[in-house]
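Below: the structure, in C-alpha cells.
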Amino acid sequence: MRQKIISIVRGGPAPEEQLPVLKKAGWDGVFFTWTGLPADRVLASRIKAEGLVLQSVHAPYDRADKLWGSGDEGAAEAERQIRCIRDAAAWGCGLVVMHAIVGMERIAPKEEERACGFANFQKIFDAAEEAGVVVAMENTEGEQYLDALLRRFGGHPALRFCIDTGHEMCYDHCHDLIGRYAALLYCTHLNDNLGMSGEKITWQDDLHLLPFDGAADWENIAARLKAAGYGGDLTLEVKLEGREGRHEHDAYRAMPFAEYAALALERAKRIEKML
C-alpha cells in the first residue's frame, strides 16, 4: 500500500492545528515549504510528534530565476537552496522538491544562462548527494529550463523528477511530462485545475483543486503513471485559498477542515485504486 501524503494546506488552519486533523483522517504524512525560519524546525518536530511522516520539504522558489544568473545573487540563491537541503536532512527527511525557474515570461534558457545555471545546480545536487537527500525537480512554467537540467544532470545520483499534474495542464500545454521523464520519476504533486484559460500562461490558472474537481483526465494520468512504472507515494499538493475574483474553492472553504481532509484522502485512495 502506498503512503498517502498531503501538503500543509495553504489557506487552511494554522499548520499545528492541521496536523491532528490530518492524522485522524488517515493521512500517512505531510510536506511543507521551507522558509529558513526557526518555525520550520518546530513544525518538523510537531509532525513527527503527531505520528506523521515528514515526506518531503518544498524548497523556496521565489528567487529560482537567480540561479540562472551570474554574480552574487546566483551564488547566494544556491546557498539558500543548500541550507534548505541540509535542514531537511537534519530533520530526517530525505526528499526536497525544487522548481527550476520562476517567471511566466521565462521560456527557454539562453546560452549564457545555461553556464551559470548548470554551475549553480551542480553545487546544489552535489550538496544534496553529500547530505543523503534526493532533489526532485518539479515541472512548472518554463519547462525548457527543467528539460535543460534533467538532460544535463540526468545521471546525477541526487537528481529525480516530481510530476505536478496541475502544472502539466496549465503551465506545460498538457505535454506528457510523465512519459518524457519516466526514468527519473520519483514523486508526485497531484492536483487539478481547469487548464489554460487563454493563450498566455498565467499563475491564475494554477488552482490546486482536489483531484476530480477540475478538467484533468485522471484515467489518462493513471495510465501514464502505470506505464512509467511509478510505485511511490501518492502526494497531493492542494489548497483552500482561491484566486481573486474566482470561486472554485468556495465549496472547500464552506466545509469544516476535518471534512475537507477526509474528502482529500478519499480522492487519493481513488487514484490508488486506478493504479
Subset of the range 176-211, residues closer than 27 Å to HIS247 by Cβ and of a type in the set (Asp, Glu), comes to ASP192, GLU199, ASP205, ASP206
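Looking at PRO157, PRO109, which one is in contact with a helix residue (DSSP H, G or I) (Cβ under 6 Å, 6 or more places away or on another chain), open to solvent by 30 Å² or more (accessible area, probe 1.4 Å), over 30 Å from GLN18 (Cβ atoms) and not polar (S, T, N, Q)?
On the way: PRO109 fails: open to solvent by 30 Å² or more (accessible area, probe 1.4 Å).
Exactly one of PRO157, PRO109 is in contact with a helix residue (DSSP H, G or I) (Cβ under 6 Å, 6 or more places away or on another chain), open to solvent by 30 Å² or more (accessible area, probe 1.4 Å), over 30 Å from GLN18 (Cβ atoms) and not polar (S, T, N, Q), namely PRO157.
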Between residues in the range 235-264 that are in contact (Cβ under 8 Å) with a residue 12 or more places away in the chain and hydrophobic (A, V, I, L, M, F, W, C) and residues that are assigned to a loop (DSSP other than H, G, I, E, B) and open to solvent by 10 Å² or more (accessible area, probe 1.4 Å), which pairs lie under 7 Å by C-beta distance while being six or more apart or on different chains? VAL238/HIS208; LEU240/GLY11; LEU240/GLY12; PHE257/GLY12; PHE257/PRO13
What are the pairs with Cβ atoms under 9 angstrom where one residue, in the range 100-128, is in contact (Cβ under 8 Å) with a residue 60 or more places away in the chain and the other, located anywhere, is of a type in the set (A, V, I, L, M, F, W, C)? Sequence gap at least six, or different chains. MET104/ILE201; MET104/TRP203
For the structure I just gave you, tell me whether ASN191 is open to solvent by less than 10 Å² (accessible area, probe 1.4 Å) and either under 14 Å from ILE163 (Cβ atoms) or without any contact (Cβ under 8 Å) to a residue 60 or more places away in the chain (or both). yes
Could you identify the single residue in GLY132, GLY214 that is of a type outside the set (D, E, K, R) and under 15 Å from LEU95 (Cβ atoms)? GLY132
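Just checking, how many residues over the range 209-224 are crowded, with 16+ Cβ neighbours inside 10 Å and without any contact (Cβ under 8 Å) to a residue 60 or more places away in the chain? Talk me through it step by step, then tell me what you get.
Our first condition is that a residue be crowded, with 16+ Cβ neighbours inside 10 Å; within the range 209-224, this holds for 209-211, 213-214, 216, 218, 221-222, 224.
From the residues that got through so far, the ones that are without any contact (Cβ under 8 Å) to a residue 60 or more places away in the chain too are 209-210, 213-214, 216, 218, 221-222, 224.
Counting residues in the range 209-224 that are crowded, with 16+ Cβ neighbours inside 10 Å and without any contact (Cβ under 8 Å) to a residue 60 or more places away in the chain gives 9.
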Scan the range 1-27 for residues that are open to solvent by 10 Å² or more (accessible area, probe 1.4 Å), under 24 Å from TYR252 (Cα atoms) and among the hydrophobic types (A, V, I, L, M, F, W, C) and report the count. 4
Out of the range 28-75, which residues are open to solvent by less than 70 Å² (accessible area, probe 1.4 Å), within 22 Å of THR140 (Cα to Cα) and without any contact (Cβ under 8 Å) to a residue 12 or more places away in the chain? LYS66
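The values are calculated or read from the model by the stated rules, or taken from the named source; none is laboratory data. Small disclaimer: the values here were computed from a predicted structure and weren't measured. Because the Cβ atoms are built from the backbone with ideal geometry, glycine has one as well, and the counts that use them run over all protein chains shown. The protein model used for the area step is the full one, side chains on, heavy atoms only, and it has no ligands, DNA or RNA in it. Shrake-Rupley method; radii C 1.70, N 1.55, O 1.52, S 1.80 Å.
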